[in-house]
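The values are calculated or read from the model by the stated rules, or taken from the named source; none is laboratory data. Nothing here was measured: the structure is a model prediction, and the numbers come from that model. Here the Cβ positions follow ideal geometry from the backbone for every residue, glycine too, while neighbour counts run over all protein chains shown.
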Amino acid sequence: MKKLLTVLLLLLAAATSNARQQGAKPSARLIDSFGDIQLSDLMARLDNFANELQSDPAARGFLVAYSAPNKFPGWPTRRARTSVEYLASLRGLDRARLDVVNGGPGEETKIELWLVPAGAGPPVKPYDAALMMAGEKTPLPFDRFVVIERGDRQISEYGEPYPDEAYLYADFSEVLRRDPAVRGCVIGYASRRGSLAAGRRIASRAKLTMAKAYGTDVSRVYVFGGGRREYKTIELWLVPPGAELPKPTPDPRAARRKRR
């Protein structure tokens, strides 16, 4: 009788355990976390992330970006969006399965790669972009990146974006949308040996892309050429109410040698 009772109790315990396991909700799993790393290292980590997602077709991938103090706050989310382009274009993942989340300010620049099973919630709550300019009295440098145009030589082996690629301005446009009092400023820099007019041209292309892709109010976005840098470069600035527009900072011109 005691043996039968013991067996029944064990069966009951096992059934209870199984019921709890079946009733437990799945949770997000952190796959990787890293800061400002080389592109070759980033691609290796993204390849591993792609393998995890491909092994679970029902799961979603979340790339959570955190920005360090006194750094370009738009850089981490832009790199996360660039990573999505890599995962979709070169690893064949469906973009609909990939989400970029702005985690907000952190102690350091960091990107986290999360695998979220079906039925599980997002790993973090998105940062409220409307808080980004709270208390700011002077223009805030949001992001800076090198671009190329048709016919330009690629600078790195992985290639540079064109100034009309919409993902470059997704988070910048979101801040402007969430905070109607803030203005945007785009400064374009020509390359050292290129036409000076290229700076204004790439800045205007950036503004037009924001309007087309995100419906950004172009009357709130100022564009101008900033002179020359080593490479064609775009800077994105957020300007609080009452503040003056930022001043360009071109590379100093090399002094010419005097003829003897």
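Points to keep in mind about this one:
- Test: residue in the range 141-151 that is of a type in the set (Lys, Arg) and surrounded by 13 or more Cβ atoms within 10 Å (Cβ to Cβ): yes
For (1) buried (at least 19 other Cβ atoms within 10 Å of the Cβ); (2) at pLDDT below 95; (3) assigned to a helix (DSSP H, G or I); (4) out of contact with any helix residue (DSSP H, G or I) (no Cβ under 7 Å at 6 or more places or on another chain), each residue gets a yes or a no:
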site: Glu112; (1), (2), (3), (4): yes, no, no, yes
site: Gly121; (1), (2), (3), (4): no, yes, no, yes
site: Ala170; (1), (2), (3), (4): no, no, yes, no
site: Leu208; (1), (2), (3), (4): no, no, yes, yes
site: Ala213; (1), (2), (3), (4): no, no, yes, no
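- As a summary of the residue check, Arg144 satisfies the conditions (1) closer than 27 Å to Tyr231 by Cβ; (2) in a loop (DSSP other than H, G, I, E, B); (3) of a type in the set (Lys, Arg); (4) in contact (Cβ under 8 Å) with a residue 60 or more places away in the chain except for the one numbered (2).
- Take the conditions (1) surrounded by 15 or more Cβ atoms within 10 Å (Cβ to Cβ); (2) out of contact with any Lys or Arg (no Cβ under 9 Å at 6 or more places or on another chain); Phe72 misses just one of them, which is (2).
- Across the range 215-252, the number of residues qualifying as among the basic types (Lys, Arg) and free of Cβ contacts under 8 Å to residues at least 40 places away in the same chain comes to 2.
- Remark: pairs (first residue in the range 163-191, farther than 22 Å from Lys247 by Cβ; second residue crowded, with 24+ Cβ neighbours inside 10 Å and hydroxyl-bearing (Ser, Thr, Tyr); Cβ separation under 7 Å; 6+ apart in sequence or on different chains) = Asp171/Thr77.
- Which listed residue is among the aliphatic types (A, V, I, L, M) and at pLDDT 95 or above, from Leu10, Leu63, Leu39, Leu4: Leu63
- Filtering the range 177-199 to residues that are in a helix (DSSP H, G or I) and within 22 Å of the chain's Cα centre (by Cα) leaves Arg177, Arg178.
- Just one of (1) among the basic types (Lys, Arg); (2) in contact (Cβ under 8 Å) with a residue 40 or more places away in the chain; (3) in a loop (DSSP other than H, G, I, E, B) fails for Arg78. It is (3).
- Matching residues, the range 69-97, being touching an Asp or Glu at 6+ places or on another chain (Cβ under 8 Å) and aromatic (Phe, Trp, Tyr): Phe72, Trp75
- Condition check for Ser89: of a type in the set (Ser, Thr, Tyr), outside the structural domain of Ala170 (by TED's automatic domain parsing) and surrounded by fewer than 20 Cβ atoms within 10 Å (Cβ to Cβ): yes
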